[in-house]
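What follows is calculated from the coordinates using simple rules that are stated; it is not laboratory data. Worth saying up front: this structure is predicted, and the values here are computed from it rather than measured. Counting neighbours? That spans all protein chains shown, and the Cβs are built from the backbone with ideal geometry, glycine included.
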Amino acid sequence: MKVLVTGSSGLIGSEAVMYYDQQGHDIFGIDNNMRQVFFGPKGDTTWNQQRLSKNTTSYRHLDLDIRDREGLFALFQQQPFDLVVHCAAQPSHDKAAQIPLLDFEVNAMGTLNLLEATRLHCPEAVFIHMSTNKVYGDAPNEIPLVELDTRYEYARPEDFDGVDESCRIDQSLHSLFGASKVAGDVLAQEYGRYFGLKTGIFRGGCLTGPSHSGVELHGFLSYLVKVAVHGEHYSIYGYKGKQVRDQIHSHDVIRAFEAFTQNPRPGEVYNLGGGRQNSASVLEAISMIEAKIGRSIDWSYTEQNRRGDHICYISDLTKLRTHYPEWDITHHLDDILDEMIAAEQNRLEC
């Protein structure tokens, strides 16, 4: 099988490269290190590209921009793919407001370029689109909450499992990032429903793992682990640090992609996160990491929350589990933190 992975040096992209390489497939990766453009030197993913080149047998790296339509079309003509895993994106709420045109070009137009290249040159391929829960904007904040000692929690029993795919995407504050991701999300759905492409749309919660180049503006848990290991300062923005996120390991993300690939449902949408079992507030995550590294994290609190930020977001995984009962969470939050801390300590020693 020929597999194309966009954003191949990023968290999910690199996990996909490793996963499909180990299965013996022919892997092509597109990544031009735009994360460094977005976030500066701390966002540089060159280290991950080098890791992939060293540890894979059938991976070919392509320094190609997904906004380059002619370049993409030429690639698809030369190498018709069986699977496209589209992970490349501008991923930050706050950064999008500073670079709105670039954000939309990457997240919306880049996605359209890839969908059209697939339709024209490999219409039988499965197309995985890595979307985001930010397509819901701040609509999840309308779910009634109660405030507990260390977190916000859903007040009603019917909301216990979290946010499902019926949550609306309009009439809410998205941020420009959320809006550009909505465009890509809906385009991927439409290429499935209108053209019949085997598109699967996965609305990610907090995706994490040791291959994440986390920065303050994107990659909450990865960035927090880095700050803790390096003894740096961490800032909490709003909601008393009780905002809740559900963390999913990148490997479990790829396993969901694989389940869809084996039995695609064109144009289908799935929420994909760690679920209730892997949920934690910022304060709870800080406490867990402090206990593991044996010292306190230097942090401060700013009252102003990030615009459009979710107060409590847990992904309801019912639909994904129902359609693909062979899939479930295999990496639990405690183990994820152990792995991430060990990886960051190893980088520090190197």
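Observations on the structure shown:
- A straight line joining the Cα centroids of segment 57-80 and segment 186-222 runs 20 Å.
- Length-normalised contact order of the chain in % [C-alpha pairs under 8 Å, at least 6 apart]: 18
- For segment 135-154 versus segment 272-344, the gap between their alpha-carbon centres in whole angstrom: 15
- Pairwise FRET efficiency - ARG276 versus HIS25, Cβ, R0 = 51 Å, nearest 0.05: 0.90
- Modelled this way, with points 7 Å down the Cα-to-C-beta line, the labels at GLN98 and ASP164 are 4.0 nm from one another.
- When the Cα positions of CYS122, HIS230, PRO144 are compared along the charge dipole of the chain, CYS122 comes out farthest toward the positive end, with charges on each C-beta of Lys, Arg, Asp and Glu.
- Overall form of segment 65-105 per C-alpha gyration tensor (a/c, 1.5; a/b vs b/c): oblate
- Packing, as the average of other Cβ atoms within 10 Å across residues, places the peptides 55-67, 263-275 in the order 263-275, 55-67, highest first.
- Under 14 Å from a label point set 7 Å out along the Cα-to-Cβ vector of LYS240, the amide N atoms of segment 280-299 belong to 281-284.
- Considering only the chain, percent of DSSP beta bridges that pair antiparallel, nearest 5: 15
- Total lysine pairs whose alpha carbons fall under 17 Å of each other in the chain (8 or more apart, or interchain): 7
- The charge dipole of the chain, taken about its Cα centre with unit charges on the Cβ atoms of Lys, Arg (+1), Asp and Glu (-1) only, comes to about 440 debye.
- Cα-based shape type of segment 283-350, given that a ≥ b ≥ c are square roots of the gyration tensor eigenvalues and the cut on a/c is 1.5: oblate
- ARG69/TYR194 FRET efficiency (R0 25 Å; Cβ-Cβ; nearest 0.05): 0.80
- If R0 is 56 Å, the Cβ-Cβ spacing of LEU120 and GLN345 corresponds to a FRET efficiency of close to 0.75.
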